[in-house]
1. For region 63-87, which positions are open to solvent by 50 Å² or more (accessible area, probe 1.4 Å), under 25 Å from residue 103 (Cα atoms) and at pLDDT 95 or above?
2. Please go through (1) open to solvent by 50 Å² or more (accessible area, probe 1.4 Å); (2) out of contact with any Cys (no Cβ under 9 Å at 6 or more places or on another chain) for residue 38 and return the number of the only condition it doesn't satisfy.
3. I'm told residue 110 meets every condition in (1) of a type in the set (Ser, Thr, Tyr); (2) closer than 24 Å to residue 24 by Cβ; (3) free of Cβ contacts under 8 Å to residues at least 24 places away in the same chain except one. Can you identify the failing condition by its number?
4. Condition (residue is modelled with pLDDT of 90 or more and of a type in the set (S, T, N, Q)) applied to region 5-14: is it met by at least one residue?
5. Sort out which residues of region 108-124 are more than 25 Å from residue 67 (Cβ to Cβ) and not acidic (Asp, Glu), and write them in order of number.
6. Evaluate region 115-127: report whether one residue or more is of a type in the set (A, V, I, L, M), open to solvent by 60 Å² or more (accessible area, probe 1.4 Å) and at pLDDT 95 or above.
Amino acid sequence: MGEISPQAHPDRWIDASWYVRVISEIRSVKELREIPIRIISLGGASEFEQLARLEGVELCLNGDRDDDFLRLAAARVLVFAPSSFSYNAALVSKQAVIGRAPWWHEIPSSGRWVRLGPDGELDRALLERALVPRLHSS
């Protein structure tokens, strides 16, 4: 959040309702139904009320930069924001990553990468494809 707003950066702003939709879509995949969801960001809890009301969602706000980066990169499924910070975490991650397209960075559409459009609707088959080697690797 911080300096990112619909007025200041409409190309980077993603409304909380988009994330609510993505969380619902992720939870529709059987293997991810019970996965804990952590919102890692800057800002106050009041800015994330819509997300915090969802069952199994934990707000992790204003944490240590390095710890937050490691948590993002280690996530089983990372939904990255249009920020260099979370995009770089997606690049070093070995897990499935989901990002909204279009964006100024190229978001791959194969392997562990899943592109989402502005409505946040997820193609479950693409997510399952991104998860395949990871679901059976442990």
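The values are calculated or read from the model by the stated rules, or taken from the named source; none is laboratory data. None of these values were measured; they are calculated from a predicted model. Positions of Cβ are generated from backbone atoms using ideal geometry, with glycine treated the same way; all protein chains shown enter the neighbour counts. Keep in mind that these areas ignore ligands, DNA and RNA; they rest on the heavy atoms of the full protein, side chains included. Shrake-Rupley method; radii C 1.70, N 1.55, O 1.52, S 1.80 Å.
1. Keep residues of region 63-87 that are open to solvent by 50 Å² or more (accessible area, probe 1.4 Å), which gives 64-67, 69-71, 74, 76, 84-85.
So of that shortlist, the ones also under 25 Å from residue 103 (Cα atoms) come out as 65-66, 69-71, 74, 76, 84-85.
If the condition is that a residue be open to solvent by 50 Å² or more (accessible area, probe 1.4 Å), under 25 Å from residue 103 (Cα atoms) and at pLDDT 95 or above, then 65, 66, 69, 70, 71, 74 are the ones that fit.
2. Tallying (1) open to solvent by 50 Å² or more (accessible area, probe 1.4 Å); (2) out of contact with any Cys (no Cβ under 9 Å at 6 or more places or on another chain), residue 38 fails exactly one: (2).
3. The number of the failed condition is (2).
4. Taking region 5-14 as the starting set, the residues that turn out to be modelled with pLDDT of 90 or more are none.
The answer is no, given that none of the residues of region 5-14 is modelled with pLDDT of 90 or more and of a type in the set (S, T, N, Q).
5. Of all residues in region 108-124, those more than 25 Å from residue 67 (Cβ to Cβ) come to 108-111, 114-124.
108, 109, 110, 111, 114, 115, 116, 117, 118, 120, 122, 124, listed by residue number.
6. Within region 115-127, the subset of a type in the set (A, V, I, L, M) is 116, 122, 125-127.
If we keep only those that are open to solvent by 60 Å² or more (accessible area, probe 1.4 Å) as well, we get 125-126.
This time we only want the ones that are at pLDDT 95 or above, so: none.
No: region 115-127 contains no residue that is of a type in the set (A, V, I, L, M), open to solvent by 60 Å² or more (accessible area, probe 1.4 Å) and at pLDDT 95 or above.
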